[in-house]
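To start, the structure under review is shown below, and the notes come after it.
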Amino acid sequence: MDPVRNPYAPGAGQRPPELAGRDKQLDAFDIVLERIARGRPERSVVLTGLRGVGKTVLLNQLRSAAVSRGWGTGKIEARPDQGLRRPLSSALHTAARAIAKNHHNQERIDDFLGILKAFALRATADKGMRERWQPGIDVPAVTGRADSGDIEIDLVELLTEAAALAQDVGAGIAVFIDEMQDLGPADISAICGACHELGQDTAPLIVVGAGLPHLPAVLSASKSYSERLFSYHRIDRLDRESADRALIAPAEREDVKFADEALTALYRKADGYPYFVQAYGKATWDQAPGSPITAEDVEVAAPAAEEELAVGFFGSRYERATPAEREYMRAMADLSGDDGPVATSAVAAELGRKPASLSPARDGLIKKGLIYSAERGTIGFTVPHFGRYLRSVTI
């Protein structure tokens, strides 16, 4: 069929043409926004799941829901090598500009921006880099607020000021943090502390984070009360009905249908993972001669989809690993027949090494986001079917 009309979109963070299977999370977030609008206490939100399940897509959709209610929003993507101040300053600057459209007290806005600038400049002040980087805020920095240098104290003060600014216009502020597990321990602690303080005051500001399955453990290690600060949502593979809808709805808009056997074959291939659903759907569309799309079309197209996944989804990640890290992952793959978590002691036994000698490889893989610590003494792949991929190829 015409590839130009192909509706499917396998891409990192790219919204699929039909966002299926996420109504529960979207409805829950609407309730959070409405409760906060009515001055009710509400928790911040955390989305967790493997790569390829659509966390970033859902995070963006939640942001759109907040924007549609007139909230100020900003989004950051955490990185292991970057502190929180600079990206958060940019995100809050974006949120403040949205709030300012309905705020009639320019002095009040400028005062907040001055506090925000002071908070941002602390990111470089201690390194003597004040002149090399400026946060792009055209007001003088305000001293004495959110500029102590202690990120936990400063973040509470900054977010309190941001919430007050939003409250002036009857709105709220939502800060969206992707890859939240990559924040440093001090930054994680500061966010938990700030959410705790703001929650006690029913302030109209929430944090919406997304990260890998071990993110709740990262938060809990920082603050023992973190399990009560956030509403946790595990984002998993799609059930059969939702996966079918993700394929059928876009095709129907192009006057194309699927045979039932084709949908069964596609679900078996993609295993319900949203990224895989899009990848197999796209390849099948390009291969099918016409409507309805058949199970035979799926089988003919499957090698093209698998080749695309091998290069862009699996292979690119494997290439980031060092030889020692690759050896570690191959051992994990050999042990995890169902691609589930495996014991670190079993990996050591498989490689004939002492567990302590493998710590550098394991820690390197965790920092690169290729594996995660599932539970104490176990590790798992962050990418679904990664073990299957490693077992299927000779590298």
Residue under evaluation residue 356, criteria (1) within 25 Å of residue 82 (Cα to Cα); (2) surrounded by fewer than 13 Cβ atoms within 10 Å (Cβ to Cβ); (3) of a type in the set (A, V, I, L, M, F, W, C), criterion not met:
(1)
For residue 164, the lone unmet condition from (1) out of contact with any Pro (no Cβ under 7 Å at 6 or more places or on another chain); (2) crowded, with 19+ Cβ neighbours inside 10 Å; (3) not polar (S, T, N, Q) is (2)
Test for residue 361: is it surrounded by 13 or more Cβ atoms within 10 Å (Cβ to Cβ) and part of a helix (DSSP H, G or I):
yes
Residue tally, condition open to solvent by less than 30 Å² (accessible area, probe 1.4 Å) and either within 17 Å of residue 239 (Cβ to Cβ) or out of contact with any Lys or Arg (no Cβ under 8 Å at 6 or more places or on another chain) (or both), over region 251-266:
7
Just one of 54, 70, 49 is in contact (Cβ under 8 Å) with a residue 24 or more places away in the chain, under 17 Å from residue 211 (Cα atoms) and open to solvent by 20 Å² or more (accessible area, probe 1.4 Å); which is it?
54
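I'd like to know if region 128-135 contains one or more residues that are open to solvent by less than 20 Å² (accessible area, probe 1.4 Å), modelled with pLDDT under 95 and either part of a helix (DSSP H, G or I) or at negative phi (or both).
Here is the first cut: in region 128-135, the ones open to solvent by less than 20 Å² (accessible area, probe 1.4 Å) are none.
No, every residue in region 128-135 fails to be open to solvent by less than 20 Å² (accessible area, probe 1.4 Å), modelled with pLDDT under 95 and either part of a helix (DSSP H, G or I) or at negative phi (or both).
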Unmet requirement for residue 106, which otherwise passes all of (1) touching a residue at least 12 places away in the same chain (Cβ under 8 Å); (2) over 21 Å from the mean Cα position of the chain (by Cα):
(1)
For region 232-253, name all the residues that are in contact with a strand residue (DSSP E or B) (Cβ under 9 Å, 6 or more places away or on another chain) and either charged (D, E, K, R) or at pLDDT below 95 (or both).
234, 244
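Condition check ((1) open to solvent by less than 30 Å² (accessible area, probe 1.4 Å); (2) in contact with a Leu (Cβ under 8 Å, 6 or more places away or on another chain); (3) part of a helix (DSSP H, G or I)) across all residues:
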{"residue": "149", "(1), (2), (3)": "no, no, no"}
{"residue": "171", "(1), (2), (3)": "yes, no, no"}
{"residue": "176", "(1), (2), (3)": "yes, yes, no"}
{"residue": "192", "(1), (2), (3)": "yes, yes, yes"}
Go through (1) under 30 Å from residue 7 (Cα atoms); (2) under 24 Å from the mean Cα position of the chain (by Cα); (3) buried (at least 18 other Cβ atoms within 10 Å of the Cβ); (4) not acidic (Asp, Glu) one by one and return the number of the condition residue 341 breaks.
(1)
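Which residue is least open to solvent (accessible area, probe 1.4 Å), if the candidates are limited to region 91-103 and must be part of a loop (DSSP other than H, G, I, E, B) and in contact (Cβ under 8 Å) with a residue 40 or more places away in the chain?
Residues of region 91-103 part of a loop (DSSP other than H, G, I, E, B): 101-103.
Narrowing further to those that are in contact (Cβ under 8 Å) with a residue 40 or more places away in the chain: 102-103.
On the way: 102: 97, 103: 25 Å².
By that ranking, first place goes to 103.
Looking at region 273-280, is at least one residue within 21 Å of the chain's Cα centre (by Cα) and open to solvent by 20 Å² or more (accessible area, probe 1.4 Å)? Can you show your working first?
Going residue by residue through region 273-280, those that are within 21 Å of the chain's Cα centre (by Cα) are 273-279.
From what's left, open to solvent by 20 Å² or more (accessible area, probe 1.4 Å): 274-275.
Yes, the conditions are met somewhere in region 273-280.
Can you tell me which residues in region 223-250 are in a helix (DSSP H, G or I) and open to solvent by 50 Å² or more (accessible area, probe 1.4 Å)? Before the answer, list the steps.
Step one: of region 223-250, the residues in a helix (DSSP H, G or I) are 226-228, 240-250.
Residues satisfying the conditions are 227, 228, 240, 241, 245, 248.
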Near pairs, Cβ below 6 angstrom, 6+ apart or cross-chain, from region 288-313 (open to solvent by 10 Å² or more (accessible area, probe 1.4 Å)) to any residue that is assigned to a helix (DSSP H, G or I) and of a type outside the set (A, V, I, L, M, F, W, C):
295/261; 297/284; 297/287; 300/287
Residues of region 26-46 satisfying the condition of being among the hydrophobic types (A, V, I, L, M, F, W, C) and surrounded by 18 or more Cβ atoms within 10 Å (Cβ to Cβ):
29, 32, 33, 36, 45, 46
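Only residues that are over 26 Å from the mean Cα position of the chain (by Cα) and within 30 Å of residue 382 (Cα to Cα): list them for region 249-267, please. Show your work before the answer.
Pass one, region 249-267, residues over 26 Å from the mean Cα position of the chain (by Cα): 251-265.
Answer for region 249-267, where residues must be over 26 Å from the mean Cα position of the chain (by Cα) and within 30 Å of residue 382 (Cα to Cα): 262, 263, 264, 265.
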Exactly one condition in (1) charged (D, E, K, R); (2) within 23 Å of the chain's Cα centre (by Cα); (3) open to solvent by less than 20 Å² (accessible area, probe 1.4 Å) is false for residue 325; which is it?
(2)
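Of the residues that sit in region 1-25 and are of a type in the set (A, V, I, L, M, F, W, C) and open to solvent by less than 40 Å² (accessible area, probe 1.4 Å), which one is farthest from residue 228 (Cα to Cα)?
Applying the filter and picking the extreme gives 9.
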Residues satisfying the stated conditions in region 329-349, i.e. farther than 15 Å from residue 377 by Cα, assigned to a helix (DSSP H, G or I) and in contact with a strand residue (DSSP E or B) (Cβ under 9 Å, 6 or more places away or on another chain)
329, 331, 333
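The values are calculated or read from the model by the stated rules, or taken from the named source; none is laboratory data. Quantities reported herein were computed from a predicted structural model and do not represent experimental measurements. A quick note on method: Cβ atoms are made from the backbone with ideal geometry, for glycine too, and the neighbour counts reach across all protein chains shown. These accessible areas exclude ligands, DNA and RNA; they are computed on the full protein's heavy atoms, side chains included. Shrake-Rupley method; radii C 1.70, N 1.55, O 1.52, S 1.80 Å.
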